[in-house]
Every structure is written in structure tokens, then in C-alpha cells.
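Step one of this worksheet: look at the structure below.
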Amino acid sequence: MVRADYHNVLQKIAEQCFELNIFKSDDAKKIIEYIRNTYHDELEFLWPKFPNNAIFRRKDTSKWYGAILTLSKRKLGIESDEIIEILDLRINPEEVTAVVDHKTFFPGYHMNKKHWYTICLDGSLPIEDIYQRIDISYQLATK
């Protein structure tokens, strides 16, 4: 019993005193903070096999409106094994072909490519533009 109580106390300390800093890019950190301040949503880590992948979900509809993932550029069709962070967002299906250019915007990685697209979080897109795109994705997750 002492061991179990000791373990429970340590677990509570760890949960309340440490913040996971999984995502390293400046863009990812700014996005997490923006979503926390604007929508009061926190990252959800759903996959134990992929601890560097997380989603943002609306509280009222439980629908996802964003995902931050860590992967090789090669998985997006870029000739590089460099590991990057990406953001998947919702989009109106009629806008996908106009947005996806395979340079800045890619088909949604591991998502329905008719309704999602991917942005590389490498500083190539102004953060204010990303915030506007998050707002649109959030609104699209209402239905």
C-alpha cells in the first residue's frame, strides 16, 4: 500500500509540474498557444505508437479541426529524409485544388484529401496566415 500511495503522489507531481514540449518548431509553439488562447483547446495525443502526433478538437462538436504531426518530408513527396512538423487543417472541398500546390500546401497527410490539407511548419508561411487558416478550419468543424 505504501508503494502504491508513493507512486500516486509521484504521478500527481509529474502531471502538475511538467509540461510536455514535444513540438519544437516556432510555428508549432505559436499555433499551440494561439489555439489555447483563442479556442481554449489543448492538444490531444491519441496514439501511443505516435507520441509526436496530436490533434485539436472542438468541445461542442467533438470534431477535429487540426492535427500537428511529425514526419519525414519524403512522406509529402519532397525528396528529403528531414523530419519536419506539419499542420493538417480542414478546407472546403471546392477549394482544395486551388490551394494545394505541393510547395507550401500539400494534400492532407493521413486525412481525407477532399476535406483536409497540410502545411509544413518550417517558417515559410507567415504565422498570421496560418492563424486565419486555423480559424476557417475551426468553423468548418461545426457540421
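None of the figures in this text is laboratory data; all of them are computed from the coordinates on show. Note that the coordinates shown come from a computational prediction; the quantities given were computed from them, not determined experimentally. Every residue, glycine among them, receives a Cβ derived from its backbone with ideal geometry; neighbour counts consider all protein chains shown.
Table for the structure above
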{"item": "Correct option for Cα extents along the principal axes in Å [calculated from the coordinates] among [x] 37, 33, 32; [y] 62, 37, 25; [z] 51, 42, 28", "result": "[y]"}
{"item": "Percent RCO, i.e. relative contact order, over the chain, from Cα pairs under 8 Å lying at least 6 residues apart", "result": "20"}
{"item": "Cα-based helix-to-principal-axis angle, 127-140 vs the chain, degrees rounded to 10", "result": "90"}
{"item": "Mean ellipticity per residue at 222 nm, deg cm²/dmol - from DSSP H runs of n ≥ 4 across the chain, formula -39500 (n - 2.57)", "result": "-10500 deg cm²/dmol"}
{"item": "Candidates per trypsin sites (Lys or Arg not before Pro) in region 19-108, loop by DSSP, up to 11 other Cβ within 10 Å", "result": "Lys49, Lys59, Lys103"}
{"item": "Two-site FRET efficiency, Glu79 against Asn21, from Cβ-Cβ distance with R₀ of 30 Å, rounded to 0.05", "result": "0.50"}
{"item": "Inter-site label distance for Lys114 and His7 at 7 Å from Cα along Cβ, in nm", "result": "4.8"}
{"item": "In degrees, nearest ten, helix 26-39 long axis to first principal axis of the chain (Cα)", "result": "80"}
{"item": "Dipole magnitude (debye, nearest 20) for region 20-126, charges at Cβ of Lys, Arg, Asp, Glu", "result": "320"}
{"item": "Residues in region 49-67 reached by a label modelled at Arg36 [backbone nitrogen below 16 Å; 7 Å Cα→Cβ]", "result": "54-57"}
